[in-house]
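The values are calculated or read from the model by the stated rules, or taken from the named source; none is laboratory data. All figures in this text were calculated on a predicted structure; none of them were measured in a lab. Ideal geometry is used to build each Cβ from the backbone, glycine not excepted, and the neighbour counts take in all protein chains shown. Quick note on the areas: whole protein, heavy atoms, side chains included, nothing else; ligands and nucleic acids left out. Shrake-Rupley method; radii C 1.70, N 1.55, O 1.52, S 1.80 Å.
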Amino acid sequence: MAERAAIILAAGVSSRMNTQLPKVLHEVCGRPMLAYVLDACREVGITKIFVVVGFGADQVERYFAEAKNITWVQQQERSGTAHAVMRCKEHLKDFKGETMILCGDGPLVRAETLTTLIGKHQMEQAAATLATAVLEDPTGYGRIIRDRYGNIQGIVEDTDCTREQLAITEINPSYYLFNNRILFEAVEQVKPDNVKKEYYLTDAVSHIIATGHKVVAVTAVQPEEAMGVNSRAQLSVASKIMQKRIQQELMDHGVTIVDPDNTWIDARAKIGQDTVIEPFTYIHGEVKIGRACRIGPFAYLRPGTILESDVVLGVFTEVKNSSMADGVRVRHHSFIGDATVGKNVNVGAGSITANYDGHNVNRTQIGDNCYIGSGAVLVAPLALKDGTHVNAGAVVTQNNAEQLQQKEK
Ligand code: UD1
Ligand code: CA
């Protein structure tokens, strides 16, 4: 089996996004776009990954500081996708395997498609293989040019297309696999003779064909996977598509989502079997929900929420950085932040943890079987022992269990 490396292009300044943030750090369902592209590479077994960064390079590198097997490659001038690939030459010049190239602004890439791409490349013993998509509206994408026998002749960028070429609906989503040696020979030949005066990777494909090597394409990319995010509007469309995937996977794992269109679940959230998510629920960040819980309508779960099983969170309940044991009920209008809530605790309507004293965020610990009456304010730091009964309207500032030492900034 050929050894495989990947180059991910992520250096571009995103003028169309009108942003100070590097484009690939913009989030889709709670994770930066680049994270999804890295996942797809890893899922098909690629561990040698080169990410070309430029605009905001330190921010990108900092974000992914913990990620493994990434070599960061700097591209200061950003004169086009071929130029970006060229920057990897010093690392890959002696590499004998195959090199996959993907764009950091294509978060919808799926590992299954890359597997098809790899399979086609091997079966055809090709020098380069493209995975393509057919779109109803191909505007903005490079068009795949084929001769009348269906052989690939090249890729023409939208801005360089003739009127006839603009009508072509088969496009280049920028999923490529190359014989590494042939790739770098071709990339060196690329000239910036196009409307934008950039070095185009797509022109390298034409050079490979011109030198008599075999280039093939497989129409394996679904339209909803082809999108490259160049604008905020496209970012929102990509997020919608990703949200559908996240919810589909949860439903396949036994979670009921009553109204998928009016529910938002972060890509990092984990939800157990037979849990029901009612409409207008927003789950943000690394949230863990166990079995047979009922969440919403109108619930807001924030990072660090951990619910065991049979927990009920009702209307306008916000939970952050808190854990709740089996059988907890917080049915109406509550804020539970930085708390540890024991088994079978009932929190009445409008009760809150006052977790911030103006300087520090403090924790609240509520033991098992406690009853917190409506409209109670639990002023943290606070510890309530098992079975505590808090009257409605109480402002609780005194511990009845051992003082908690934990403090957070
Ligand atoms: C590119 C393709 C186009 C394809 C589309 C799919 C080229 C010339 N065109 O167009 O055929 O249909 O993607 O979404 O390749 N980048 C760098 N350095 C640079 C320039 C770009 O790293 O100097 C990175 C960008 O950050 C981005 C990716 O390469 O992640 C693609 O660049 P972008 O400018 O978005 O290309 P498109 O015009 O979308
Ligand atoms: Ca793009």
(request) May I ask you to list pairs of residues, at least six apart or on different chains, whose Cβ atoms are under 6 Å apart, with the first in segment 102-120 being surrounded by fewer than 22 Cβ atoms within 10 Å (Cβ to Cβ) and the second being part of a helix (DSSP H, G or I) and not acidic (Asp, Glu)? (result) 111/40
(message) If I filter segment 113-123 for residues that are more than 23 Å from residue 73 (Cβ to Cβ) and over 28 Å from the mean Cα position of the chain (by Cα), do I get at least one hit?
(response) yes
(request) Could you identify the single residue in 85, 37, 52, 13 that is within 15 Å of ligand 1 (Cβ to nearest atom), in a loop (DSSP other than H, G, I, E, B) and not hydroxyl-bearing (Ser, Thr, Tyr)? (result) 13
(message) Please go through (1) on the phi > 0 side of the Ramachandran plot; (2) within 15 Å of ligand 2 (Cβ to nearest atom) for residue 19 and return the number of the only condition it doesn't satisfy.
(response) (1)
(request) List every residue pair whose Cβ atoms lie under 9 Å apart, where the two residues are 6 or more positions apart in sequence or sit on different chains, the first residue falls within segment 384-408 and is over 14 Å from residue 355 (Cβ atoms), and the second residue, located anywhere, is at pLDDT below 95 and open to solvent by 50 Å² or more (accessible area, probe 1.4 Å). (result) 384/400; 385/400; 385/402; 388/400
(request) Kindly indicate the residue of segment 88-101 that is part of a helix (DSSP H, G or I) and touching a residue at least 24 places away in the same chain (Cβ under 8 Å) and also nearest to residue 2 (Cα to Cα) among those meeting that condition. (result) 92
(message) Every residue in segment 18-34 that is crowded, with 21+ Cβ neighbours inside 10 Å and within 14 Å of residue 104 (Cα to Cα), please.
(response) 22, 23, 24, 28, 32, 33, 34
(request) Kindly indicate which of 332, 359 is open to solvent by 60 Å² or more (accessible area, probe 1.4 Å), of a type outside the set (S, T, N, Q) and in contact with a Phe, Trp or Tyr (Cβ under 9 Å, 6 or more places away or on another chain). (result) 332
(request) Scan (1) closer than 20 Å to residue 207 by Cβ; (2) surrounded by fewer than 24 Cβ atoms within 10 Å (Cβ to Cβ); (3) hydrophobic (A, V, I, L, M, F, W, C) for the single condition residue 85 breaks and write down its number. (result) (2)
(message) Going through 242, 227, 251 one at a time, which residue ends up being touching a residue at least 24 places away in the same chain (Cβ under 8 Å), touching a helix residue (DSSP H, G or I) at 6+ places or on another chain (Cβ under 9 Å) and not in a loop (DSSP other than H, G, I, E, B)?
(response) 242
(message) Being part of a loop (DSSP other than H, G, I, E, B) and modelled with pLDDT of 95 or more: is that true of residue 401 here?
(response) no
(message) Restricting to segment 192-234, and then to whatever is open to solvent by 50 Å² or more (accessible area, probe 1.4 Å) and hydroxyl-bearing (Ser, Thr, Tyr), can you tell me which residue is nearest to ligand 1 (Cβ to nearest atom)?
(response) 199
(message) Looking only at segment 70-82, filter to residues that are surrounded by 14 or more Cβ atoms within 10 Å (Cβ to Cβ) and assigned to a loop (DSSP other than H, G, I, E, B); which one of those is modelled with the lowest pLDDT?
(response) 78
